[in-house]
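Visitor: Mind looking over this structure? Questions follow.
The values are calculated or read from the model by the stated rules, or taken from the named source; none is laboratory data. Keep in mind that what you see is a predicted model, and the values were worked out from it rather than measured. Cβ placement follows ideal geometry from the backbone for every residue including glycine, while neighbour counts extend to all protein chains displayed. Remember, those area values only see protein heavy atoms, side chains included, never the ligands or the DNA or RNA. Shrake-Rupley method; radii C 1.70, N 1.55, O 1.52, S 1.80 Å.
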Amino acid sequence: MTIYLDAVWLLNFLLDMMLLMLTQALAKDGTRKIRIVFGAFIASLLVPLSIYYPDTFVNSVAGKLIYSIIIILCTFRIRSLYRMMKLLLLFYFTTFAIGGGLLAIHFLFQNPVGVSTSGILTFNSGFGDPVSWLFIVVGFPLVWMFTKTRMDKHAEEKIRYDQLCPVNIQIDSKSFSTTGYIDSGNQLMDPVSKKPVIICDEYFLKKWFTEDDWKALYQAHSELNFEKLPAKWEHRINIIPYQGVEGNRTFMMGIKPDNLTFYYDNQKITTRKIMIGIQFSELTKDQSYHCLLHPKIVKSEVVETA
């Protein structure tokens, strides 16, 4: 049997690239296309390895799992173990989903079960002949497009507030950027100033503080002793009372920023009429965002179109 390695390799490369693109879409990851191509190339190296070294460790179950992790590491920016596991599972999910879709179409149009002349029930997968290769080449992009379209449609039908967007916050002379999440469930308002309250986590806010000032701020919050607030931050810190999910009344510390800029629906929105609620922990395990935006500020004055 003749094996055209270049054709098989190219086909595998294209399939892997489409699977990684679908994984990227599911994860809402901002990885550049060049890394997707590089990851697909690394994944396609499994073809010559399997042909020239059929007994290699890579062909074992454990080897394939390790190789899948290498593919994810080469393709995406990994910030935590949780993020890596999420991307790895999404990669397997897209692989199984596309493969299952191809099998479903194959069984729909063909009859793989039959009775031989000896009266024995037989099964024929039919994936080894040239017709089945054409089936994969044509069917894979169709299943991929169907899956991607349905996912995009589902995303469009979700509440518009539930999305990520770039955010820039300025306090004093320092300005830092992060990713914000417009949360329709965030209805927190400062009862004194009537300003909407956004929530930023420790990872992002510590950029404006020295280590000693942050420790003093945390101590003042945990001990309810506001005399321990850092002197240079006293004029910016407010106490924001609110009612928790369980109905109990509590409070959080808030910071008055100089400026907030974020991009929403291809528009650049800037406002000063907000308070920043301090969360002394991370908002998410995978660090996909560090700021919960208030839906009310989406209606702020639009400065310019992005």
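Visitor: So Arg83 ticks every box in (1) closer than 20 Å to Trp9 by Cβ; (2) at pLDDT 75 or above but one. Which box is left unticked?
Guide: Unmet for Arg83, out of (1) closer than 20 Å to Trp9 by Cβ; (2) at pLDDT 75 or above: (1).
Visitor: Can you find even one residue in segment 205-220 that is of a type in the set (A, V, I, L, M) and at pLDDT below 85?
Guide: no
Visitor: Considering each residue of segment 37-64, count those that are touching a Phe, Trp or Tyr at 6+ places or on another chain (Cβ under 9 Å), farther than 16 Å from Asp16 by Cα and modelled with pLDDT of 85 or more, and give that number.
Guide: 1
Visitor: While we're looking at this one, here's another question. Return only the number of the condition from (1) under 20 Å from Arg272 (Cβ atoms); (2) polar (S, T, N, Q); (3) in contact (Cβ under 8 Å) with a residue 60 or more places away in the chain that Asn238 does not satisfy.
Guide: Going through (1) under 20 Å from Arg272 (Cβ atoms); (2) polar (S, T, N, Q); (3) in contact (Cβ under 8 Å) with a residue 60 or more places away in the chain one by one, Asn238 breaks only (3).
Visitor: Of the conditions (1) open to solvent by 50 Å² or more (accessible area, probe 1.4 Å); (2) in a helix (DSSP H, G or I); (3) touching a helix residue (DSSP H, G or I) at 6+ places or on another chain (Cβ under 9 Å), Lys207 clears all except one; give me its number.
Guide: Here Lys207 meets the rest and fails (3).
Visitor: For segment 161-187, give me each residue that is acidic (Asp, Glu) and open to solvent by 60 Å² or more (accessible area, probe 1.4 Å). It would help to see each step written out before you state the result.
Guide: From segment 161-187, those acidic (Asp, Glu) are 162, 172, 183; that's our starting set.
Scanning segment 161-187 gives a single hit, Asp172.
Visitor: Does Lys256 satisfy the condition of being surrounded by 13 or more Cβ atoms within 10 Å (Cβ to Cβ), at pLDDT below 90 and among the charged types (D, E, K, R)?
Guide: Criteria not met by Lys256.
Visitor: Shifting gears a bit: Filter segment 23-57 for residues that are of a type in the set (Val, Ile, Thr), without any contact (Cβ under 8 Å) to a residue 60 or more places away in the chain and under 20 Å from Leu11 (Cα atoms); which is surrounded by the fewest Cβ atoms within 10 Å (Cβ to Cβ)?
Guide: Step one: list which residues in segment 23-57 are of a type in the set (Val, Ile, Thr), which gives 23, 31, 34, 36-37, 42, 47, 51, 56.
Then drop every residue that is not without any contact (Cβ under 8 Å) to a residue 60 or more places away in the chain, which leaves 31, 34, 36-37, 42, 47, 51, 56.
Imposing the further condition that a residue be under 20 Å from Leu11 (Cα atoms) reduces the set to 34, 36-37, 42, 47, 51.
Numbers: Ile34: 8, Ile36: 20, Val37: 16, Ile42: 19, Val47: 18, Ile51: 12.
Among them, the one singled out is Ile34.
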